[in-house]
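The values are calculated or read from the model by the stated rules, or taken from the named source; none is laboratory data. Since this is a predicted model, take the numbers as computed values, not measurements. As a convention, Cβ positions derive from the backbone with ideal geometry for all residues, glycine included, and neighbour counts pool all protein chains shown. Ligands, DNA and RNA are stripped out before the accessible areas are found, and what is left, the full protein with its side chains, is counted by its heavy atoms. Shrake-Rupley method; radii C 1.70, N 1.55, O 1.52, S 1.80 Å.
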Amino acid sequence: MTSTPYIPCLDLGSYINGNEEQRKQFSDELGRAFNDSGFVTITNHGVSQELIDKLYENIQAAFALPKEIKLKYEKPELAGQRGYTSPGKETAKGAKTADLKEFWQIGQEVTDGDPVKDKYPANEILEEIPEFNAVTMEVYRKLEDNGKHLLRAISTYLGLPIDYFDQHVHNGNSILRGIHYFPIENPEAIPDDAVRAGAHEDINLITLLIGASADGLEVLTRNNEWLPIKAHHSDIVVNVGDMLQRLTNNKLRSTTHRVVNPPRELMKTSRFSVPFFLHPRADMDLTSLESCIDAAHPKVYADMTAGEYLDERLREIGLKK
């Protein structure tokens, strides 16, 4: 008998504005889903449809710029962490063929005098699209805020103090990534194993994906079956990343997912998506929590900081030499 993966749709407003009982219920449901499928969809998250539409208009306009203009914003020395990254640069861990995509990354902007500011490169200012930086930063801030609430709910689920993650994600190394899965003009010309995004797990604590312009996202269930994620354009899809998996010694499982190529009749269409990768500060200790280690669940990960782990993973996926 196979069980249906548990991918609930949760109301974030019931957690942010709810009473103690509602908050506990949200926390339990979130923890259960992160134990099972590793994915949830979130509604009532305070990101208006108007802002989502504006975000996608700006992201699409950025990728529609001529190649020579986009290349102006590519900074190989930043390992894809800011500005533009052209096709053929990123490969899923363990894969031989690069993903069929290009992307643009926006990082943290520290405004409160925190000395961590010196550790972050500046964001590239996309001069050709006047609203781009303001709109993407507004979305960045809202998703960062949502992420903090979700991590508080996770803290409660894990029996940690509710503010356990707060200091680690304040001015954290989070990334908003605009992705363009470009049209596949000549399907015969691409390698058999070339896909829009190869099967992978995210590096960070949690990922918040806001809308997507087309289907294609699939999740590997605990039964080893690929399950398509159908989310409304206005929902946020949230999944566990490897850093949270390490911290919880596999209690919360990082979710393997991929973006498959469209059916042949849609090969020549683009797909856009904008995930927010919520990262802690580089000095966060990812040593597995004592409460997640016992005789049945011995410790499986070596101790390291978030910064050390990110560095290792960027090398594995080909963004860092």
Value of relative contact order over the chain, rounded to a whole percent, pairs C-alpha under 8 Å and six or more apart: 21
Highest to lowest packing among 190-196, 291-297, 248-254, scored as the average C-beta count within 10 Å: 248-254, 190-196, 291-297
Whole-number percent relative contact order across the stretch 160-304, with pairs defined as alpha carbons under 8 Å at least 6 apart: 37
³J(HN,Hα) computed for each position of the stretch 233-239 - Karplus, 6.51 cos²θ - 1.76 cosθ + 1.60, integer Hz, glycine/proline x: 4, 8, 7, 10, 9, 10, 9
The chain, accessible area per residue, ligands and nucleic acids excluded (1.4 Å, Å²): 46
The chain - percent of accessible surface contributed by carbon and sulfur, probe 1.4 Å: 51
Cα radius of gyration and Dmax for the chain (Å): 19.1, 58
Rounded to 10°, Cα long-axis angle of helix 20-36 versus longest principal axis of the chain: 60
Degrees separating the helix 306-316 axis from the principal Cα axis of the chain, which is the longest one: 40
Greater than 25 Å apart at Cα, pairs in Lys96/Lys321; Lys75/Lys96; Lys67/Lys101; Lys148/Lys320: Lys148/Lys320
For Ser86, net neighbour charge (Lys/Arg +1, Asp/Glu -1) across residues whose Cβ lies under 15 Å away: +1
